[in-house]
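The values are calculated or read from the model by the stated rules, or taken from the named source; none is laboratory data. Source: prediction; values computed, not measured. A quick note on method: Cβ atoms are made from the backbone with ideal geometry, for glycine too, and the neighbour counts reach across all protein chains shown. The protein model used for the area step is the full one, side chains on, heavy atoms only, and it has no ligands, DNA or RNA in it. Shrake-Rupley method; radii C 1.70, N 1.55, O 1.52, S 1.80 Å.
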Amino acid sequence: MLKTNPEMPRNMLPLDVKQFQRSRHLPAKDLAFFVGYYWIVSWDLRGQEPYLCETLPQPCIHLVFEKDQSRIVGIVRGRFSYLLKNEGRIFGVSFKPGAFFPFVEAPVSALTDNSISIFDAFGVEHAALEAAILSQADETAMIALVEQFLRARLPERDEHVVVINQIVDRIIADREITRVDNLVSRFSISKRTLQRLFSHYVGVSPKWVIRRYRLQGAAERLAEGEAVDWPKLALDVGYFDQAHFINDFKTIIGKTPAEYVRHMSSDPSSFLTCDVLRKVNSQP
């Protein structure tokens, strides 16, 4: 039975496209150690102007099936954009943090801010699989094809993945975690070991993951219309230097905090939630 998770991750910036559909589905139990969820997006903008969709990064690697652009997509450390035009459809596999490493057994930091072909990752041509997946009218059938592909290449479970996901889950849940030292004390792991583990398995530093979620939390507070005490907000998310906070906020969110507040004030309904859209080839 197809499992659909109704809660969409908060990683899409303002979007207002009525001709846009998205769904998110949980993997089968035997794949849940490696896969966080599947996401499917489609749009029909024929006869309309293209729409620039902006999304926030996640500490996850994605297997993306899109016509003539299927790729393994690494973590992008800043906000990224995807130009929606004409009509299209994308199927994505969001691997859990660190869970793509066992498939390639090589440091995934090489994928950060980058993408590689499915052939380079798995040693197989993907054109026939891409066509089969994207031709399906039923999402259950799409997922079945992808899961068949993954099962044929499923690696052994790696306990480092368990530790990494415990750490990431703790970062998300505990807003008091604003520094890597907080993780060192909570998990009794040395800073050097933690940094090496994240570099090899996740592709970004634990510091980046902490700041990503603290800055997203700050954006959510601003979107909710919370009265802003700028120095306190910066301190709450782990910044002693307000200028540094503003710079990092703009890198991740795409606007300064003040610009973001003005945008949300003018259109408070525009903050939506959605799954990752990642442009896998450079846009001219």
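Summary table
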item	result
Selected from V93, V162, L233, residue furthest toward positive end of dipole (the chain; charges at beta carbon)	L233
D229 - accessible surface, heavy atoms, 1.4 Å probe, Å² rounded to 10	80
Max mean-square fluctuation residue, GNM over the chain, Cα-Cα springs under 10 Å, options P231, P155, P57	P231
Residue range of the chain that is longest and free of GluC sites (Glu not before Pro) which are both DSSP loop and sparsely packed (at most 14 other C-beta within 10 Å)	8-104
Estimated dipole of segment 149-241 in Debye, rounded to 20 [Cβ of Lys and Arg +1, of Asp and Glu -1, Cα centre]	440
Accessible-area composition of the chain, carbon plus sulfur, in percent [1.4 Å probe]	50
Cα lying deepest toward the dipole's positive end in segment 130-202, options A173, V146, S188, charges on Cβ	S188
Cα-based reach from K255 at 17 Å (exclusive), listing aspartates and glutamates while leaving out same-chain residues under 8 positions away	E54, E220, E224, D267
Contact order normalised by residue count of the chain, Cα under 8 Å, 6+ apart, percent	24
Accessible surface of K207 - all protein chains present, 1.4 Å probe, nearest 10 Å²	100
Efficiency of FRET between Q242 and S199 - r from beta-carbon atoms, R0 45 angstrom, step 0.05	0.95
HN-Hα J in Hz across segment 23-38 - Karplus 6.51, -1.76, 1.60, θ = phi - 60°, x for Gly and Pro	8, 9, 9, 7, x, 5, 4, 6, 10, 5, 5, 9, 9, x, 5, 9
